[in-house]
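Student: Dumping the structure here so I can ask a few things about it.
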Amino acid sequence: VAVPVKLYPATETHAGPVLHQVHREDAGRVRQRRFCEAENREIEYADIAKGWEAPDGGMVVLTDEDLASLPVPSKRIIDVLAFIPTEQVSPLMYDSPYYVGLGDKAPSKLLGVPGAVV
């Protein structure tokens, strides 16, 4: 069974000049600051965490361990069983890294198909 895939660029290349946000009137740089509303002050990036707003309006601070333990439902699992020989890959494909995703016409069911290898 062949599962169609699609390649998505993992990085972007910028051919033009690097642009910045500036104030139109005096060309001063515009910066984004990390500002704590509760303390009315700017904070360091290291002091920022992820938070979830509860239905009652309270905020729950989540740790990396909390996020890692969350169940991630996924119905789109592809087991890679083989690779093509290197000679069949165009050297132009090595220029940029890619993510692999399901193609436009991915099969909805593979289980129960005679001869399907999943």
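Student: Looking at (1) more than 30 Å from L70 (Cβ to Cβ); (2) more than 25 Å from the chain's Cα centre (by Cα), can you tell me which one A38 breaks?
Tutor: (1)
Student: Given the criterion touching an Asp or Glu at 6+ places or on another chain (Cβ under 7 Å) and modelled with pLDDT of 80 or more, identify the matching residue among R29, R24, R33, R41.
Tutor: R33
Student: Output the number of residues of the stretch 76-90 satisfying the condition of being open to solvent by 100 Å² or more (accessible area, probe 1.4 Å) and at pLDDT 80 or above.
Tutor: Looking only at that region, the number is 4.
Student: Could you check the stretch 1-75 for strands (runs of 3 or more DSSP E) lying wholly inside it with 3 or more residues that are open to solvent by less than 100 Å² (accessible area, probe 1.4 Å) and closer than 28 Å to Y99 by Cα?
Tutor: In the stretch 1-75, the matching strands (runs of 3 or more DSSP E) lie at 5-9.
Student: Which of the residues spanning the stretch 48-75 are charged (D, E, K, R) and either in contact with a Cys (Cβ under 7 Å, 6 or more places away or on another chain) or modelled with pLDDT under 85 (or both)?
Tutor: Listed by number, the list holds a single entry, K75.
The values are calculated or read from the model by the stated rules, or taken from the named source; none is laboratory data. Please read all numbers here as calculations on a predicted model, not as lab measurements. Glycine gets a Cβ as well: all are built from the backbone with ideal geometry, and neighbour counts include every protein chain shown. SASA here: full protein model, heavy atoms, side chains in, ligands and nucleic acids out. Shrake-Rupley method; radii C 1.70, N 1.55, O 1.52, S 1.80 Å.
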